[in-house]
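Take a look at the structure set out below.
Just so it is clear, none of the values below were taken in a lab; they were calculated from the coordinates. These figures come from a predicted structure and were not determined experimentally. Methodologically, a virtual Cβ is constructed for each residue, glycine included, from the backbone with ideal geometry; neighbour enumeration extends over all protein chains shown.
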Amino acid sequence: MTYDAVVYDLDGTLVRLAVDWDAVARDVAAVLEERGVDPGSRGLWEMLGLSDETGHREAVEETITRHEREGAERGQALALAEGLPHDVPVGVCSLNAESAVRLALSTHGLDEFVGPVVGRDTVADPKPDPSGLLRAVDELGVSPERTVFVGDSERDAETARRAGTGFAWASEFDQRRYRA
């Protein structure tokens, strides 16, 4: 099936951010501990949720975003990035912070080919909640059913399912039908 719009995930799909996620998790745990919150054995995204519950979201977001922005500047464009531009509208919906996504797109000269950019901090609930993807779809002016979301994780597949869009794995997506 050919779709009327394509929305990409960023990290692992268009660009590989140069981020040591274990270091990010350690830094986030330290931020929480400094504020008297025991992160226990939670993973990074669980700690982000914990930061919401304990009122420390802003400090945790700043820590994660700093790492992501540094990684965006040192990241590597992936094969799907080379397939842009498309002859249909393109957006990005990412679990990364919007500013890091925009920096990565700009660093690799992709920003001129992408319309809406939605990061985890653009909407109240990040992926797999469908609100970010649906926002990108709405800004592209197409229906969810006529949009394909391209990603590299089960979280991305679940986001597409919840949003009612098509889904394609980044490793299997055939861009040739969309190239301008």
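Things worth noting here:
- P(r) tail fraction, segment 74-180 - alpha-carbon pairs more than 17 Å apart, %: 51
- Averaging the sequence gap over all C-alpha pairs within less than 8 Å and six or more residues apart, then dividing by the number of residues, gives segment 21-74 a relative contact order of 37 percent.
- Once the Cα-Cα distance is subtracted from the 0.36 nm per residue extended length, the residue 23 to residue 99 segment shows a gain of 25.4 nm.
- Cα pair distances exceeding 20 angstrom across segment 1-96, given as percent: 47
- Taken along its principal axes, the alpha carbon cloud of the chain reaches lengths of 52, 32, 24 Å, longest axis first.
- 0 to 90° range, to nearest 10: angle between helix 131-140 axis and the chain longest Cα axis: 30
- Nitroxide proxy distance, nm - points 7 Å out along Cα→Cβ at residue 145 and residue 76: 4.1
- Full-extension gain in nm, residue 54 to residue 113, via 0.36 nm per residue minus C-alpha separation: 17.3 nm
- Here each label is just a point 7 Å from Cα along the line to Cβ, and for residue 180 and residue 162 those points are 3.2 nm apart.
- Choice from 56, 67, 108 showing the highest fluctuation, given a GNM over the chain with Cα pairs closer than 10 Å: 56
- Size of segment 21-74 from its Cα atoms: along the principal axes, largest to smallest, the extents are 32, 20, 17 Å.
- Within segment 93-180, GluC sites (Glu not before Pro) in DSSP loop having at most 15 other beta-carbon neighbours inside 10 Å: 172
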